[in-house]
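Single-structure report; data block below.
Quick note: the coordinates plus some simple rules give every number you see, no bench work behind them. Predicted, not measured: the structure shown is a model, and the values here were computed from it. So basically every Cβ, Gly included, is an ideal-geometry build from the backbone, and we count neighbours across all protein chains shown.
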Amino acid sequence: MRVLGVDPGYDRMGVAIVEKQNGKEVVLFSACLTTKPKDDFADRLLFMGDELTKIIKKWKPNALSIEKLFISNNQKTATNIAEVRGMVIYLARAAKLTIGQYTPMEIKMACAGYGSADKKQVTNMIEKLVCLPKGKRLDDEYDAIGAALTHLACYKYQGLK
């Protein structure tokens, strides 16, 4: 199974392609898509959608794993992220991917074994769970890898394929 993990955002969106090979999770690709803060939101959304479409076409995942919206105190931010999530889910469904949605706590639990783990604990465990190519990664990229790992760990228990 090949999973597209997404940490939705319009400033930065983490994406990862993780596959289970011979019982082990392997990161095939990961990136952090970044938009320009001065660009119009619609243009930022278009850029993210175009990039995600290219990733789906190139890597041909079977499933999408996306982080559920964490309600923010900033309504504008929460609304914009909800719109990004909608676009991502639409593109995944249009590509006939199954969809898994997980809360930040579920992702932390699956990756670090503790639902209140901090970012550093989750990042350290992800680096132990999968072999990552050398290079600097932003939190959003690790969050996308974590979302994909969560789906691979949970999908068989949810009746997903």
Here P(r) for the chain, Cα-Cα distances in 5 Å bins, as whole percents, is 2, 10, 20, 24, 21, 15, 7, 2, 0, 0
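Please report, ordered by residue number, every helix of the chain (full DSSP H runs) that is 20 Å or longer along its axis going by C-alpha atoms and whose mean Kyte-Doolittle hydropathy reaches -0.5.
Details: long enough: 41-59 (27 Å, 0.05); 75-94 (28 Å, 0.19); 139-154 (22 Å, 0.14).
The qualifying helices are 41-59, 75-94, 139-154.
Report the gain in length on full extension from Thr34 to Ala82: 0.36 nm times residue separation, minus Cα-Cα distance, nm rounded to one decimal.
15.6 nm
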For Phe70, placing the label point 7 angstrom along Cα-to-beta-carbon and taking segment 94-118, residues whose amide nitrogen sits under 16 Å are 102-118
Subtracting the Cα-Cα distance of Cys154 and Gln101 from 0.36 nm times their residue separation yields 18.0 nm
Bridge orientation stat for the chain from DSSP, antiparallel percent rounded to 5, came to 65
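Excluding Lys68 itself, what net charge comes from residues whose Cβ is under 9 Å from its Cβ, given Lys and Arg +1 and Asp and Glu -1? Could the numbers behind the result be given before it?
Numbers: positive: Arg85; negative: Glu67, Glu106.
Overall, the nearby charge balance is -1.
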The alpha-carbon center of segment 83-114 and that of segment 34-49 are separated, in whole Å, by 21
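How do Ser30, Ser65 rank when sorted from fewest to most other Cβ atoms within 10 Å of their own Cβ? Could you put the intermediate results ahead of the total?
On the way: Ser30 22, Ser65 32.
Lowest count first: Ser30, Ser65.
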